[in-house]
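Before any comments, here is the structure.
The values are calculated or read from the model by the stated rules, or taken from the named source; none is laboratory data. Remember, predicted model here, so these are calculated numbers, not experimental data. Please note: Cβ atoms are built from the backbone with ideal geometry, for glycine as well, and neighbour counts cover all protein chains shown.
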Ligand code: DMJ
């Protein structure tokens with residue numbers, strides 16, 4: 001304490017502080033005592049001197065600080081631990097893949113093998129980010145699943161997997177864009193795809209939705225519903241009595257076998273997709289996955305199995321994005337290749353897909369011209385998808401060879417070609433019907449498929465149509481219907497197969513793609529004729545072949561039918577052309593004509609217990625003589641074209657993006673117009 005009295009006494013002053021303490025407490029006197037016992041006693045005394053309130057406040061403060069201390073210790077420890085772990089993980093990752101750092105490995109999806117057999121249903125894009133973009137989807141099990149949420153990468157294996165997952169996640173994102181909405185209403189093929197060339201390397205992805213997927217769906221109308229009902233009825237018969245077999249025999253409630261490859265089922269796959277028949281599609285898909293056996297000692301026809309099976313699998317792959325169908329397409333494609341091992345490289349008609357051997361029919365070494373020139377769309381697409389050139393090479397060689405052959409008549413080809421010499425045989429007969437029909441169709445369609453660059457195909461097509469105009473067109477009496485007849489050794493025959501009714505649609509497609517406008521005019525007159533082949537017949541259904549009257553005779557219509565030709569096999573060609581005509585003109589009469597035809601199929605060919613049947617006599621409404629067979633193309637083609645004809649959605653298989661094979665299986669155009 002400061003003492004003023006001492007200062008006033010006069011001696012030099014020394015500033016100091018004194019603290020008055022008890023005898024043991026004098027600092028500097030008696031030495032420094034800092035023993036624990038002394039301190040304890042001292043603190044205790046002081047504590048006792050405090051009031052109860054002061055003691056309570058201090059105790060409370062201590063307790064509060066203790067709680068805070070515990071909390072902050074725990075969280076800092078966690079933070080420290082995770083910093084340590086993360087840096088370890090980063091170190092491991094960089095050791096495995098230098099330069100790669102995983103942004104957030106804990107939520108990456110699991111890896112998937114692209115070609116894995118997905119069991120009962122495809123996991124097309126098995127994982128996707130938690131918040132997907134808006135995509136209308138098909139069946140729920142075609143949908144992308146939510147990511148598995150791993151908590152942390154702990155080991156090197158986890159890290160490697162995460163890297164794979166990262167790559168996969170990128171694939172998934174792209175794949176999402178490539179999955180189309182159910183029903184195919186918004187499908188879109190690959191953009192800017194180059195035609196296959198020697199540079200083919202990467203397998204191509206299936207069609208994608210992209211922008212069109214965001215469009216409002218066009219509602220299904222009454223007529224389309226009627227097609228769906230017809231399809232379901234046909235499918236019921238097939239399912240109940242012929243499941244997994246080639247064709248339904250609806251009256252005897254059994255089946256017939258041709259190749260033993262479930263022909264109807266495969267032919268119908270993409271129709272089900274387009275019609276939106278989800279459950280049926282899923283069931284059929286299971287059969288393809290589990291029961292379709294291609295390693296089979298059986299002779300198949302190269303053309304028929306290409307257009308129906310290979311074509312069906314390829315288009316279903318494009319619509320669904322399901323790699324199962326591409327795998328099966330590759331398999332059948334490879335098994336058909338032995339057909340091309342001939343002296344001329346013009347393929348044999350038949351192949352044993354189990355043994356890998358091929359041969360012509362027993363009675364000849366000829367093949368049919370339409371058959372060897374109507375497998376190109378499918379094999380070319382298979383090359384594009386697989387990156388394996390051999391498929392395209394084989395079929396392109398056939399076309400190049402046929403291009404150079406003599407024996408044509410103004411672009412019209414004979415019906416047979418020899419597999420040894422490579423020359424046309426049976427010269428002098430020209431038709432657009434059986435044995436030649438799809439040669440003409442595929443000239444145009446290959447040109448379109450390849451992006452309109454292959455000029456030889458276009459030349460051959462244009463020349464052939466000129467040949468048709470010059471040699472095969474005539475007008476009937478009394479209604480002056482323009483029809484396509486046949487030429488046999490210089491003699492015109494007024495015979496026209498129903499098969500020729502593909503031609504108006506093909507001509508319209510060519511005109512739509514910029515070819516001569518008079519092709520469209522011809523298409524309009526020819527489709528009227530094809531419609532009359534139905535309308536002038538008692539059942540309203542066309543026979544297989546008609547003969548047109550060239551001279552007016554009292555009481556005679558334009559169309560005459562011979563007893564041997566009056567069957568109807570539920571063929572698609574007229575409905576196919578009606579579809580093209582409606583798409584390109586918007587004239588509703590084409591839809592009305594198709595509607596009449598559907599009603600007549602229902603009236604005369606529908607079997608109550610399920611299925612539709614071919615009939616023997618289109619001229620007898622009271623007994624059309626059912627044949628007890630439902631051809632696979634009724635589901636693959638006829639009902640599909642009906643459904644498309646009645647639709648007002650031009651994006652439901654957009655014709656600037658897809659080209660139909662001759663069995664109505666849509667394949668992408670490589671370079672869209
Ligand atoms: C189908 O297999 C194909 O359309 C082929 O081009 C011709 N024959 C039938 C349908 O009629």
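If you check 310, 314, 265, which single one turns out to be part of a helix (DSSP H, G or I), surrounded by 24 or more Cβ atoms within 10 Å (Cβ to Cβ) and in contact with a strand residue (DSSP E or B) (Cβ under 9 Å, 6 or more places away or on another chain)? So that I can check it myself, show each step before the final result.
On the way: 310 fails: in contact with a strand residue (DSSP E or B) (Cβ under 9 Å, 6 or more places away or on another chain); 265 fails: in contact with a strand residue (DSSP E or B) (Cβ under 9 Å, 6 or more places away or on another chain).
Being part of a helix (DSSP H, G or I), surrounded by 24 or more Cβ atoms within 10 Å (Cβ to Cβ) and in contact with a strand residue (DSSP E or B) (Cβ under 9 Å, 6 or more places away or on another chain) holds for just one of 310, 314, 265, which is 314.
Of the conditions (1) surrounded by fewer than 24 Cβ atoms within 10 Å (Cβ to Cβ); (2) more than 18 Å from the chain's Cα centre (by Cα), residue 656 fails just one. Which one is it?
Only one criterion is unmet by residue 656, namely (2).
How many residues does the range 526-556 hold that are assigned to a loop (DSSP other than H, G, I, E, B), surrounded by 19 or more Cβ atoms within 10 Å (Cβ to Cβ) and more than 16 Å from the ligand (Cβ to nearest atom)? Walk me through it before giving the result.
We begin by selecting, within the range 526-556, every residue assigned to a loop (DSSP other than H, G, I, E, B); these are 536-544, 549-556.
Going one step further and asking which of them are surrounded by 19 or more Cβ atoms within 10 Å (Cβ to Cβ), we end up with 537, 539, 541-544.
Remaining after also requiring more than 16 Å from the ligand (Cβ to nearest atom): 537, 539.
Total meeting the criteria: 2.
Quick check on the range 237-257. Is at least one of its residues in a loop (DSSP other than H, G, I, E, B), within 16 Å of the ligand (Cβ to nearest atom) and in contact (Cβ under 8 Å) with a residue 12 or more places away in the chain?
Let us first name the residues in the range 237-257 that are in a loop (DSSP other than H, G, I, E, B), namely 242-246, 250-253, 257.
Among the residues that remain, those that are also within 16 Å of the ligand (Cβ to nearest atom) are: 246.
Checking which are in contact (Cβ under 8 Å) with a residue 12 or more places away in the chain leaves us with 246.
Taking every residue of the range 237-257 in turn, at least one turns out to be in a loop (DSSP other than H, G, I, E, B), within 16 Å of the ligand (Cβ to nearest atom) and in contact (Cβ under 8 Å) with a residue 12 or more places away in the chain.
So, in the range 508-520, how many residues would count as being more than 16 Å from the ligand (Cβ to nearest atom) and within 20 Å of residue 446 (Cβ to Cβ)? If you could, list the steps in order and put the result at the bottom.
Pass one, the range 508-520, residues more than 16 Å from the ligand (Cβ to nearest atom): 508, 510-520.
Right, trim to within 20 Å of residue 446 (Cβ to Cβ) and you get 508, 510-516, 519.
So the answer is 9.
Any idea how many residues of the range 564-595 are on the phi < 0 side of the Ramachandran plot, in a loop (DSSP other than H, G, I, E, B) and either buried (at least 21 other Cβ atoms within 10 Å of the Cβ) or in contact with a strand residue (DSSP E or B) (Cβ under 9 Å, 6 or more places away or on another chain) (or both)? Reasoning before the result, please.
Initial filter on the range 564-595 (on the phi < 0 side of the Ramachandran plot): 564-569, 571-585, 587-595.
Next cut, in a loop (DSSP other than H, G, I, E, B) only: 566-567, 569, 571-572, 587.
From what's left, either buried (at least 21 other Cβ atoms within 10 Å of the Cβ) or in contact with a strand residue (DSSP E or B) (Cβ under 9 Å, 6 or more places away or on another chain) (or both): 566-567, 569, 571-572.
The qualifying residues number 5.
Do the conditions hold for residue 635, that is, is it outside any loop (DSSP other than H, G, I, E, B), crowded, with 24+ Cβ neighbours inside 10 Å, modelled with pLDDT of 95 or more and touching a helix residue (DSSP H, G or I) at 6+ places or on another chain (Cβ under 6 Å)?
On the way: outside any loop (DSSP other than H, G, I, E, B): yes; crowded, with 24+ Cβ neighbours inside 10 Å: yes; modelled with pLDDT of 95 or more: yes; touching a helix residue (DSSP H, G or I) at 6+ places or on another chain (Cβ under 6 Å): yes.
Yes; evaluated as a whole, the condition is true for this residue.
Is there a residue being touching a residue at least 60 places away in the same chain (Cβ under 8 Å), more than 17 Å from residue 601 (Cα to Cα) and away from the ligand (no atom under 16 Å from the Cβ) anywhere in the range 575-582?
There is at least one residue in the range 575-582 that is touching a residue at least 60 places away in the same chain (Cβ under 8 Å), more than 17 Å from residue 601 (Cα to Cα) and away from the ligand (no atom under 16 Å from the Cβ).
State which residue pairs qualify: first residue in contact (Cβ under 8 Å) with a residue 24 or more places away in the chain and over 23 Å from residue 594 (Cβ atoms) and inside the range 558-573, second residue in a strand (DSSP E or B) and away from the ligand (no atom under 12 Å from the Cβ) in any location, beta carbons under 8 Å apart, and separation of 6 or more residues or different chains.
none
Could you run through the range 291-303 and say how many residues are touching a residue at least 60 places away in the same chain (Cβ under 8 Å) and in a helix (DSSP H, G or I)?
2
Quick check on the range 616-632: of everything there that is crowded, with 24+ Cβ neighbours inside 10 Å and within 34 Å of the chain's Cα centre (by Cα), which residue is nearest to the ligand (Cβ to nearest atom)?
632
Within the range 372-392, count every residue that is surrounded by 21 or more Cβ atoms within 10 Å (Cβ to Cβ) and either free of Cβ contacts under 8 Å to residues at least 60 places away in the same chain or within 21 Å of residue 431 (Cβ to Cβ) (or both).
Adding up the residues that qualify gives 6.
Check the range 647-661 and report whether any residue there is within 16 Å of the ligand (Cβ to nearest atom), part of a helix (DSSP H, G or I) and closer than 25 Å to residue 259 by Cα.
So far as the range 647-661 goes, no, none of its residues is within 16 Å of the ligand (Cβ to nearest atom), part of a helix (DSSP H, G or I) and closer than 25 Å to residue 259 by Cα.
Considering only the range 334-449, give the helices (runs of 4 or more DSSP H) lying wholly within it that have at least 3 residues that are within 26 Å of residue 496 (Cβ to Cβ). Step through it out loud before you land on a result.
Working: elements: 369-372, 376-386, 390-404, 437-449.
In the range 334-449, the matching helices (runs of 4 or more DSSP H) lie at 369-372, 437-449.
Of all residues being part of a helix (DSSP H, G or I) and within 16 Å of the ligand (Cβ to nearest atom) in the range 451-505, which is surrounded by the fewest Cβ atoms within 10 Å (Cβ to Cβ)? Just the residue, please. It would help to see each step written out before you state the result.
Initial filter on the range 451-505 (part of a helix (DSSP H, G or I)): 455-472, 498-505.
After this cut, where a residue has to be within 16 Å of the ligand (Cβ to nearest atom) as well, the list is 498-505.
Details: 498: 24, 499: 21, 500: 31, 501: 29, 502: 24, 503: 27, 504: 29, 505: 27.
Only one residue tops the list, namely 499.
Can you find even one residue in the range 596-604 that is under 23 Å from residue 267 (Cβ atoms), within 16 Å of the ligand (Cβ to nearest atom) and part of a helix (DSSP H, G or I)? Lay out the reasoning, then the answer.
Keep residues of the range 596-604 that are under 23 Å from residue 267 (Cβ atoms), which gives 597-598, 600-602, 604.
Narrowing the set further to residues that are within 16 Å of the ligand (Cβ to nearest atom) leaves 597, 601.
Filter once more, keeping what is part of a helix (DSSP H, G or I): 597, 601.
Yes, the range 596-604 has at least one match.
Is there a residue being in contact (Cβ under 8 Å) with a residue 60 or more places away in the chain and surrounded by fewer than 21 Cβ atoms within 10 Å (Cβ to Cβ) anywhere in the range 393-405? Break it down into steps so the answer makes sense when it comes.
Step one: of the range 393-405, the residues in contact (Cβ under 8 Å) with a residue 60 or more places away in the chain are none.
No.
Under the condition of being within 16 Å of the ligand (Cβ to nearest atom) and within 21 Å of residue 344 (Cα to Cα), which residue from the range 418-437 is surrounded by the fewest Cβ atoms within 10 Å (Cβ to Cβ)? Walk me through how you get there before you give the answer.
The first filter runs over the range 418-437 and keeps only residues within 16 Å of the ligand (Cβ to nearest atom), leaving 431-437.
After this cut, where a residue has to be within 21 Å of residue 344 (Cα to Cα) as well, the list is 435-436.
On the way: 435: 19, 436: 25.
Here the residue is 435.
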